[in-house]
Amino acid sequence: QVQLVQSGAEVKRPGASVKLSCKASGYSLSSNFFHWVRQAPGQGPEWMGTIHPDGDTTTYAQTLQGRLTVTRDTATSTFYMELSSLRSEDTAVYYCAREAPSAAKNFDFWGQGTLVTVSS
Amino acid sequence: QSALTQPRSVSGSPGQSVTISCTGSSNDIGAYNYVSWYQHHPGQAPKLMIYDVNKRPSGVPDRFSGSRSGNAASLTISGLQAEDEGDYYCCSFAGNSVHYVFGTGTEVTVL
């Protein structure tokens, strides 16, 4: 079955970068869009960006353009999300999510989440 | 792009029905048939409950149903059960500029 397993919690200083991983299993990585979503404390989720099934094309939320990079390593079935120039407002739980193959624009499987804390 | 508006909390006794509203705009819920609902228990992965406004994924009980009227969507849980407690979020596609907007979240409590 489909599983998305994310890397562990991170604590970063303002201005630093963080790179999270999401290892996928149980399906072909080249068949779905893959997304990153985050949820800050007390707020609803926020869509961050996506990587096309081709593994090269990416689209990012306008608010994160220039700071966010999403990549894929097909050899290890792992997706990565790197966020740079961290600020306190980036403190959140970060989720990876697969776009449903038979129901575009919906997220049918999610990772368990990774807490990123940005603090001086 | 503002988040979709949901009530902070709803509650009901076992067996009752509850409805969660999700208010958006003509740029998201009112424009696309891509409204989804997610159940989330803190510390766990969110779970897709409804997609494309009113479709249920395999394995989701039929007591969960979705609908839309204009710029607002709703999730109804009929025959409420203790296991339905948790946080619920709506989500809508909002075009190729904004992409996706999520709701503010609703906590469902079974009394």
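Values quoted throughout were computed directly from the atomic coordinates according to the rules given, and no laboratory measurement underlies them. As the structure is a prediction and not an experimental result, all values here were calculated from the model. Note that we place each Cβ from the backbone using ideal geometry, even for glycine, and neighbour counts take in every protein chain shown.
Here are the numbers for this structure:
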{"read-out": "Hits in region A:49-86 (condition: within 11 Å of the chain's Cα centre (by Cα) and of a type in the set (A, V, I, L, M, F, W, C))", "value": "A:ILE51, A:LEU68, A:VAL70, A:PHE79, A:MET81, A:LEU83"}
{"read-out": "Looking only at region A:106-120, and only at residues there that are more than 13 Å from every other protein chain (Cβ to nearest Cβ) and among the hydroxyl-bearing types (Ser, Thr, Tyr), the one that is surrounded by the most Cβ atoms within 10 Å (Cβ to Cβ)", "value": "A:THR117"}
{"read-out": "Single unsatisfied condition, B:SER11 versus (1) in a strand (DSSP E or B); (2) under 15 Å from A:PRO45 (Cβ atoms); (3) small (Gly, Ala, Ser)", "value": "(2)"}
{"read-out": "Criterion violated by A:ASP56 - all others in (1) touching a residue at least 60 places away in the same chain (Cβ under 8 Å); (2) out of contact with any Ser or Thr (no Cβ under 8 Å at 6 or more places or on another chain); (3) assigned to a loop (DSSP other than H, G, I, E, B) satisfied", "value": "(1)"}
{"read-out": "Index of the failed condition, B:VAL53 passing every other in (1) within 14 Å of chain A (Cβ to nearest Cβ); (2) more than 18 Å from A:GLU46 (Cα to Cα); (3) surrounded by 23 or more Cβ atoms within 10 Å (Cβ to Cβ); (4) of a type in the set (Val, Ile, Thr)", "value": "(3)"}
{"read-out": "Odd one out for A:GLY44, checked against (1) in contact with a Gly (Cβ under 9 Å, 6 or more places away or on another chain); (2) in contact (Cβ under 8 Å) with a residue 12 or more places away in the chain; (3) under 26 Å from B:THR106 (Cβ atoms)", "value": "(2)"}
{"read-out": "Residue in region A:18-30 that is more than 14 Å from the chain's Cα centre (by Cα), farther than 22 Å from B:ASN96 by Cα and assigned to a strand (DSSP E or B) present", "value": "yes"}
{"read-out": "Residues of region A:89-105 classified as buried (at least 20 other Cβ atoms within 10 Å of the Cβ) and hydroxyl-bearing (Ser, Thr, Tyr), total", "value": "2"}
{"read-out": "Selection from region B:96-111 of residues that are within 11 Å of chain A (Cβ to nearest Cβ) and in contact (Cβ under 8 Å) with a residue 60 or more places away in the chain", "value": "B:VAL98, B:VAL101, B:PHE102, B:GLY103, B:THR104, B:GLY105, B:THR106"}
{"read-out": "Qualifying residues in region B:56-78 (those that are assigned to a strand (DSSP E or B) and without any contact (Cβ under 8 Å) to a residue 40 or more places away in the chain) - the one surrounded by the fewest Cβ atoms within 10 Å (Cβ to Cβ)", "value": "B:SER69"}
{"read-out": "Residues satisfying the stated conditions in region B:79-100, i.e. in contact with a Ser or Thr (Cβ under 9 Å, 6 or more places away or on another chain), outside any loop (DSSP other than H, G, I, E, B) and surrounded by fewer than 19 Cβ atoms within 10 Å (Cβ to Cβ)", "value": "B:ASP87, B:ASN96"}
{"read-out": "Complete set of residues in region B:29-50 that are more than 10 Å from chain A (Cβ to nearest Cβ) and either in a loop (DSSP other than H, G, I, E, B) or more than 27 Å from B:ASN96 (Cβ to Cβ) (or both)", "value": "B:ILE29, B:GLY30, B:ALA31, B:GLN39, B:HIS41"}
